[in-house]
Ligand SMILES: [Zn+2]
């Protein structure tokens with residue numbers, strides 16, 4: 001396993017190279033997120049962690065007035081960054097803004113958890129940040145599946161090959177966009193844009209016919 | 001689509017972005033944002049602004065704690081996303097079906113049954129919790145909402161159609177926020193209208209910046 005050498009790298013990195021926060025441009029932070037998403041780089045994540053943890057700690061302490069709850073928010077936020085970095089999209093905003101919205105959602109959920117409610121709404125229901133299927137334009141993915149199942153068969157063969165392939169895997173084989181990305185070896189963003197284009201085209205074809 | 005004339009105030013949008021609103025009001029505001037490119041742009045600016053402001057300062061965290069947290073995150077399992085009701089693209093009233101934006105569609109599974117009220121009105125409650133409730137209200141053509149008073153704030157969003165009151169006319173996407181001192185008598189004319197309405201406790205949106213610092217729980221006071 002490669003866990004050991006990776007860990008050593010991380011430690012070495014932490015004790016020797018310490019970037020000052022001022023040097024952290026949005027572009028650099030975005031590259032770190034991309035590395036975490038693509039290669040699960042522990043080094044890149046450590047750098048993100050060193051930059052954001054003390055900032056989140058300060059934010060959360062102001063929000064909760066309680067250091068332990070604040071640490072919980074930091075840990076939960078950065079755990080999501082580690083596992084969901086692939087959902088970050090530079091076109092939609094800076095890494096700082098993205099991480100702030102994750103922290104905002106976790107703050108909301110922590111405050112509600114204390115209220116012990118059943119079937120409670122979670123922050124993701126109000127501000128979807130980490131829901132994979134919602135991470136692009138909601139409108140485009142909200143095509144009625146009933147329409148699709150009934151009518152897609154007649155039309156999807158008319159799509160360009162690249163789009164047809166994606167639509168086939170998602171709507172007929174039932175794969176998630178992430179699985180399609182893995183299977184075809186293309187970036188998640190490309191899967192999303194192809195799905196979007198394909199759905200647009202399908203809508204046009206269906207409404208032309210009706 | 002006609003241009004939206006009435007938008008949430010910047011203060012409401014700031015509270016929406018920072019997660020300070022009653023969740024039901026957040027749904028109403030979020031649904032407007034789905035329908036309104038102008039407010040989407042404003043919300044984006046507010047996010048950038050709040051993120052920069054809130055994540056500017058650092059708090060010192062002891063090195064061993066930081067290292068322990070980092071190690072624990074690197075060896076953690078991916079957090080499970082909780083099951084949530086499917087997004088609905090439409091809400092249905094008898095033979096009518098209305099397309100709804102995703103911010104409302106994500107909660108449509110919580111809609112209660114429609115009840116018919118005198119004067120060509122239908123109402124369906126949508127409850128997020130006992131303290132967080134909104135209503136879908138459908139007014140058929142030439143209907144009139146009975147004179148009503150409310151102790152708190154009232155937010156109304158036009159989902160589909162047009163209604164009038166003594167001040168103006170309101171169409172798809174228009175968002176009207178009234179405090180307890182303001183009264184109006186909504187009615188429809190030739191077109192019917194589906195709205196999403198929220199009624200709040202009397203306490204909120206009265207004070208200025210200090211409200212941002214209020215404990216979250218006070219938002220739920222009724
Ligand atoms: Zn607006």
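Just so it is clear, none of the values below were taken in a lab; they were calculated from the coordinates. Because the structure is predicted, anything quoted here is derived from the model rather than measured. Using ideal geometry, Cβ is built from the backbone for each residue, glycine included, and neighbour counts are taken over all protein chains shown.
List of remarks:
- Spin-label model, residue B:38 to residue B:98: label points 7 Å out along the Cα-to-beta-carbon direction sit 2.2 nm apart.
- Overall form of the range A:152-208: prolate. Here a/c, set by the Cα gyration tensor axes a ≥ b ≥ c, is 1.5 or more, and a/b is the larger of a/b and b/c.
- Sorted into 10 angstrom bins from 0, the C-alpha pair distances of the range B:114-195 split as 18, 53, 28, 1 percent.
- At 1.306 mPa s and 10 °C, Stokes D of the range B:28-77 from Kirkwood alpha-carbon radius, µm² per second: 112
- Here the calculated FRET efficiency for residue A:31 and residue A:154, from their Cβ-Cβ distance with R0 = 35 Å, stands at 0.20, rounded to the nearest 0.05.
- Cα point-scatterer Debye curve for the range A:23-126, base-10 log of I(q)/I(0) at q = 0.21 Å⁻¹: -1.09
- Shown for A:71, A:78, B:81, B:134: other C-beta atoms within 10 Å of each C-beta, ranked fewest to most, produce the order B:81, A:71, A:78, B:134.
- Normalised by residue count, the range B:1-94 yields a Cα convex hull volume of 179 Å³ per residue.
- Peptide B:77-90 shows a mean partner chain C-beta count of 4 within 10 Å per residue C-beta.
- Estimated FRET transfer efficiency when R0 is 51 angstrom, pair residue B:130-residue B:67 (beta carbons, to 0.05): 0.70
- When A:175, B:3 are sorted by how many other C-beta atoms sit within 10 angstrom of their C-beta, beginning with the fewest, the order is B:3, A:175.
- Only helices enter the 222 nm calculation for chain B: every DSSP H run of n ≥ 4 contributes -39,500 (n - 2.57), and dividing by all residues gives -7500 deg cm²/dmol, rounded to 500.
- Every Cα-Cα pair of chain B was included, and the share exceeding 22 Å stands at 58 percent.
- Each of A:84, A:201 was scored by other Cβ atoms within 10 Å of its Cβ. Listed from fewest to most, they are A:201, A:84.
- Projected label points at residue A:178 and residue B:81, each 7 Å from Cα along the beta carbon direction, are separated by 0.8 nanometres.
- Once both labels are positioned 7 Å from their Cα atoms along Cα-to-Cβ, the gap between residue B:141 and residue B:57 label points is 6.0 nm.
- Among the residues of A:172-181, the average count of other protein chain beta-carbon atoms within 10 Å of the residue beta-carbon is 0.
- With a 10 Å cut-off around each Cβ of A:64-70, the average count of Cβ atoms from other chains is 1.
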